[in-house]
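Trainee: Next up is a structure, given as structure tokens.
The values are calculated or read from the model by the stated rules, or taken from the named source; none is laboratory data. Quick caveat, the model's predicted, so the values are computed rather than measured. Cβ: placed from backbone, ideal geometry, glycine included. Neighbour counts: every protein chain shown. Remember, those area values only see protein heavy atoms, side chains included, never the ligands or the DNA or RNA. Shrake-Rupley method; radii C 1.70, N 1.55, O 1.52, S 1.80 Å.
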Amino acid sequence: YVKGRPETLRQMVKFRRRFRMRYHVFLELIKIAKTAEWFPGAETADAAGRAGAPLELLVLGSLRYLGRGWTFDDLEEATGISEERHRRFFHEFITVGSTSMFDKWVYFPKTAEEAANCIHEYDQAGHPGAAFSSDGTHVISEKVPARLKNAHLGAKESHTARAYNMTVNHRRRILNTTRGSPCSWNDKTLSSFDEVLCGIDNGTLLSDVIFELNGYDESGCIVKVKYSGVYAIVDNGYLDRSTLVCPIKYPASHEEDRWSRWIESLRKDVECTFGILKGR
């Protein structure tokens, strides 16, 4: 993978399965990392003048550690680079990933023009005004301090974990995520600390978006009613806000049941994103 690219489709599929990333995205990541000097000490020679480990192998090792659960000893056996070198580089990789990489690839649209593609897809699905889906997920986190263990044990997990609230568009592109919180926090608490969901609710984000919904006038005729802003599709565990639309928990008619099933189907985009990230 360092000296030559996969030539067949089968090899491309294997690369993505092994490293959880497409090969052309991997090449782009390496190019940006070298240009921006994210890892300045990766390929430098040691005191004896021996060449340093190739950045490509170190990045592939970190991706395999994250995506397939390999140990650093496994990486040493596969690459010929010491497990200590892999361990030290992995911490650098995580630091860069949570700062420079995160800011480059995870960002939320600020204007109506930037959010047009996201809104258009939901509009075509029959939900004008919807711009994204949001939900919480848990990521297992071992070695939690004893005094914080109870806070990091939730009803869904037998292990200690951190909770995140993630926002994605219908193409499963991650637009925003909160910082890790104790696993005992539910969706209502997470959304209260989510800057995007709070910004949508108080009108500081995407308030320039205008959309229309059907309504009734005084005579009972159907008319078009204009609204400003956007809303997120969520499940029933979130706060009761006009900007957080969830399925009807107890439908009273066939129309309500059909609408709830429809919006629940659209909300699967965020669930699919969780599955992709966790390799399910």
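Trainee: Looking at the structure I just gave you, is Glu121 assigned to a loop (DSSP other than H, G, I, E, B) and not β-branched (Val, Ile, Thr)?
Mentor: So Glu121 fails the test.
Trainee: State which residue is modelled with the highest pLDDT when the search covers only segment 149-166 and only residues that are in contact with a strand residue (DSSP E or B) (Cβ under 7 Å, 6 or more places away or on another chain) and hydrophobic (A, V, I, L, M, F, W, C).
Mentor: Ranking the qualifying residues of segment 149-166, first place goes to Met166.
Trainee: Give segment 69-111 a look and list any residue that's touching a Lys or Arg at 6+ places or on another chain (Cβ under 7 Å) and open to solvent by 30 Å² or more (accessible area, probe 1.4 Å), or say none.
Mentor: Once the filter is applied, which keeps residues that are touching a Lys or Arg at 6+ places or on another chain (Cβ under 7 Å) and open to solvent by 30 Å² or more (accessible area, probe 1.4 Å), segment 69-111 yields Trp70, Phe72.
Trainee: I'm checking my understanding of the structure. Among residues of segment 65-118 that are among the polar types (S, T, N, Q) and part of a helix (DSSP H, G or I), which one is farthest from Arg22 (Cα to Cα)?
Mentor: Step by step, filter segment 65-118, then rank; the result is Asn117.
Trainee: Tyr23 - would you say it is under 23 Å from Thr99 (Cα atoms), open to solvent by less than 90 Å² (accessible area, probe 1.4 Å) and of a type in the set (Ser, Thr, Tyr)?
Mentor: For Tyr23, the condition - under 23 Å from Thr99 (Cα atoms), open to solvent by less than 90 Å² (accessible area, probe 1.4 Å) and of a type in the set (Ser, Thr, Tyr) - is met.
Trainee: Let me ask something else. Just the residues that are modelled with pLDDT under 90 and open to solvent by 30 Å² or more (accessible area, probe 1.4 Å), please, taken from segment 38-53.
Mentor: Listed by number, the residues that qualify are Pro40, Gly41, Glu43, Thr44, Ala45, Asp46, Ala47, Ala48, Gly49, Arg50, Ala51.
Trainee: Given the criteria open to solvent by 20 Å² or more (accessible area, probe 1.4 Å), small (Gly, Ala, Ser) and farther than 30 Å from Leu60 by Cβ, does Ala115 qualify?
Mentor: No, not satisfied.
Trainee: I need a count of the residues in segment 124-157 that are surrounded by 17 or more Cβ atoms within 10 Å (Cβ to Cβ) and not in a loop (DSSP other than H, G, I, E, B).
Mentor: Of the residues in that region, 10 qualify.
Trainee: In addition: Of the residues in segment 21-64, how many are within 22 Å of the chain's Cα centre (by Cα), assigned to a helix (DSSP H, G or I) and farther than 17 Å from His91 by Cβ?
Mentor: Count: 9.
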